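Notes follow once the structure below has been shown.
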Amino acid sequence: SARKVSTWSRSRGHMRAAPKRLAAFYSVLGVSFIALLLRTLLAQPLLPFRLDDAEWSSTWLLTTVADYYVSTLCLCGVIVATDGWRVGGLWAALCCVLGSAFACLWVVRRLLQRGTLRLAGSADGAFAYD
């Protein structure tokens, strides 16, 4: 019995630490992308477009791909937190591997199943589709 309480207390402490670790992960992810974007802007200014320049095009292509995956990982965090590791993990993998069409499908699924995109604890009426 004492062992169960000890294990439960440790797991509760672990659960309290998880949001801080995730916040740190997403902070590093965001700051890293800002650094990449600034580096890209300094090395290859966005304007004027130089579509005939292979170096400019490849640099901006890679920056755009990084931007997509940073945004996708943020959405994947919401998906996994909402649907759990098994179902949410599958949706997250689909979003990461097969792209934004699956992110749209997840949003449609959530709207049809729950009638809202609102997260628990959101302000009343914020983005409610009732």
- Item | Residue check, residue 42 over 30 Å from residue 113 (Cβ atoms) and open to solvent by 70 Å² or more (accessible area, probe 1.4 Å) | yes
- Residue count, the stretch 67-79 (criterion: open to solvent by less than 30 Å² (accessible area, probe 1.4 Å) and free of Cβ contacts under 8 Å to residues at least 40 places away in the same chain): 3
- Message: If the requirement is being on the phi > 0 side of the Ramachandran plot and in a helix (DSSP H, G or I), which of these qualifies: 84, 77, 30, 89?
- Response: 84
- May I ask you to verify whether residue 63 is without any contact (Cβ under 8 Å) to a residue 40 or more places away in the chain, touching a Ser or Thr at 6+ places or on another chain (Cβ under 6 Å), surrounded by 12 or more Cβ atoms within 10 Å (Cβ to Cβ) and among the polar types (S, T, N, Q)? yes
- Item | Test: residue in the stretch 111-120 that is at pLDDT 95 or above and surrounded by 13 or more Cβ atoms within 10 Å (Cβ to Cβ) | no
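The values are calculated or read from the model by the stated rules, or taken from the named source; none is laboratory data. Nothing here was measured: the structure is a model prediction, and the numbers come from that model. Cβ atoms come from the backbone with ideal geometry, glycine included; neighbour counts cover every protein chain shown. Remember, those area values only see protein heavy atoms, side chains included, never the ligands or the DNA or RNA. Shrake-Rupley method; radii C 1.70, N 1.55, O 1.52, S 1.80 Å.
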